[in-house]
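As structure tokens, the structure follows; a few thoughts come after it.
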Amino acid sequence: MSLEQLNLENTLNNMNHILSGFQLYEYPLVADISKAYLRVLVPYSTSKMRLFLFFEDLESMTGLKVYRRATLDFGDVGAGGILRLVQLKILAQMVLDFISRTVIAQEGYSDNYCTSFRCLQTFYMVMEHLLEVHRRFGLPLKIPWTTKKLSSGIIEDLELDEDNPVVCLLGLEWNLKEDTLRPNMYLNVYGKKI
């Protein structure tokens, strides 16, 4: 039986809980698994359910090519659940300290971790453990995000604009310089132009 055959209920953690924990303490940390879904291979038999159609000549729609996908895709039914099972049953068990295990198990939303810490030493310990366990398992993390106050080079490392150092975080915009959150939306007050 494959993981895809399991009947998974919603395994995603509560986003309100995660955002509350992220805003709670002085030292915030966000980590994102790099290409998470593309790193999870699927069996040959179910790869036929992930077909990708491509036309050599798009305008005339000729030269149809059909490709199988050998990995999960963001949005696949069950993909988030499979990734959460890996986090809960494997990654969380690979770390020895309780705090890092808790972050993996309870502070994750799909392929992201969002949390904050009271103590700077704990922040660095957990960040190191998260980076190491994900690297060892083959699901490496991107450069972890934090505020400019904690990491003076974070804006340059993430190649952000110094005047607007904003990253998207669970549907919100997080300004790394000011450490502020706001909704990630654009309101068109002028209406559609016809």
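The values are calculated or read from the model by the stated rules, or taken from the named source; none is laboratory data. This is a predicted model, so every value here is computed, not measured. Backbone-built Cβ (ideal geometry, glycine too); neighbour counts: all protein chains shown. Ligands, DNA and RNA are excluded from the accessible area calculation, which covers all protein heavy atoms including side chains. Shrake-Rupley method; radii C 1.70, N 1.55, O 1.52, S 1.80 Å.
If only residues of region 122-175 that are crowded, with 18+ Cβ neighbours inside 10 Å and among the aromatic types (Phe, Trp, Tyr) are counted, the one that is nearest to residue 185 (Cα to Cα) is 174.
Is it the case that region 6-13 has a residue that's of a type in the set (Val, Ile, Thr), surrounded by 12 or more Cβ atoms within 10 Å (Cβ to Cβ), over 20 Å from residue 141 (Cα atoms) and modelled with pLDDT under 90? Yes: region 6-13 contains one or more residues that are of a type in the set (Val, Ile, Thr), surrounded by 12 or more Cβ atoms within 10 Å (Cβ to Cβ), over 20 Å from residue 141 (Cα atoms) and modelled with pLDDT under 90. Here the condition is being within 29 Å of residue 151 (Cβ to Cβ), free of Cβ contacts under 8 Å to residues at least 40 places away in the same chain and under 26 Å from the mean Cα position of the chain (by Cα); of 20, 34, it holds for 20 alone. Checking each residue in region 135-194 for being of a type in the set (Lys, Arg) and assigned to a loop (DSSP other than H, G, I, E, B) picks out 142, 148, 149, 177, 192, 193. The residue that is least open to solvent (accessible area, probe 1.4 Å), counting only those in region 41-86 that are within 16 Å of residue 110 (Cβ to Cβ) and assigned to a loop (DSSP other than H, G, I, E, B), is 72.
Filtered by the rule that a residue be more than 23 Å from residue 42 (Cα to Cα) and exposed (fewer than 12 other Cβ atoms within 10 Å of the Cβ), region 87-99 gives 96, 98.
Do we have any residue at all in region 54-70 that's under 30 Å from residue 150 (Cα atoms), modelled with pLDDT of 90 or more and among the small types (Gly, Ala, Ser)? No, region 54-70 has no match at all.
Which of the residues spanning region 20-45 are at pLDDT below 85, under 19 Å from residue 169 (Cα atoms) and of a type in the set (A, V, I, L, M, F, W, C)? Result: 36, single match.
Screening residue 188 against (1) surrounded by 14 or more Cβ atoms within 10 Å (Cβ to Cβ); (2) modelled with pLDDT under 90 leaves a single unmet condition, (1). If a residue has to be assigned to a helix (DSSP H, G or I), in contact with a strand residue (DSSP E or B) (Cβ under 8 Å, 6 or more places away or on another chain) and either modelled with pLDDT of 95 or more or open to solvent by 10 Å² or more (accessible area, probe 1.4 Å) (or both) to count, how many in region 100-121 make the cut? Of the residues in region 100-121, 1 are assigned to a helix (DSSP H, G or I), in contact with a strand residue (DSSP E or B) (Cβ under 8 Å, 6 or more places away or on another chain) and either modelled with pLDDT of 95 or more or open to solvent by 10 Å² or more (accessible area, probe 1.4 Å) (or both).
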